[in-house]
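The values are calculated or read from the model by the stated rules, or taken from the named source; none is laboratory data. Please read all numbers here as calculations on a predicted model, not as lab measurements. Cβ: placed from backbone, ideal geometry, glycine included. Neighbour counts: every protein chain shown.
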Amino acid sequence: MFLYSPNMWLVMATAVVAVIIGVVWYSKISPAEIGGIPANRRLAILGVAALLESYVLAHLVYYTGAYTWLEGAKTGLWIWFGFIVSNLSISAAVAGRSPKTWYVDAGYQLISLLVMGALLATW
């Protein structure tokens with residue numbers, strides 16, 4: 001049962017920040033490397049995923065007692081290390097994706113989770 005109700009304006013704001021980071025991060029990648037997915041569809045997927053990630057991260061920041069930007073960033077780091085790295089590694093191994101793609105995806109997730117965690121903890 002969830003007893004915590006996060007500030008949805010903050011959740012949406014951090015999701016927007018994550019989308020901006022993603023747009024900048026992935027802007028250097030050619031459409032062929034992304035699989036030819038249209039830009040508006042990629043942006044929609046990125047937005048929905050960032051909103052969900054921000055909502056869940058808000059709960060984790062609250063339940064870990066992170067109240068400073070450093071504690072929030074550490075929470076994001078642990079989430080990245082424990083869930084993102086392991087899932088991306090499994091996905092890359094099974095799908096035969098290149099190490100470059102793994103680094104690009106893992107780098108985006110690391111930066112966005114650090115920033116979102118820091119923002120969610122301090123506001």
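Key figures
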{"item": "Within segment 47-85, tally of residues that are among the polar types (S, T, N, Q) and at pLDDT below 95", "result": "1"}
{"item": "Candidates THR14, THR101 - the one that is within 13 Å of the chain's Cα centre (by Cα), among the polar types (S, T, N, Q) and surrounded by 14 or more Cβ atoms within 10 Å (Cβ to Cβ)", "result": "THR14"}
{"item": "Filter result (of a type in the set (A, V, I, L, M), surrounded by fewer than 11 Cβ atoms within 10 Å (Cβ to Cβ) and modelled with pLDDT of 80 or more) within segment 28-44", "result": "none"}
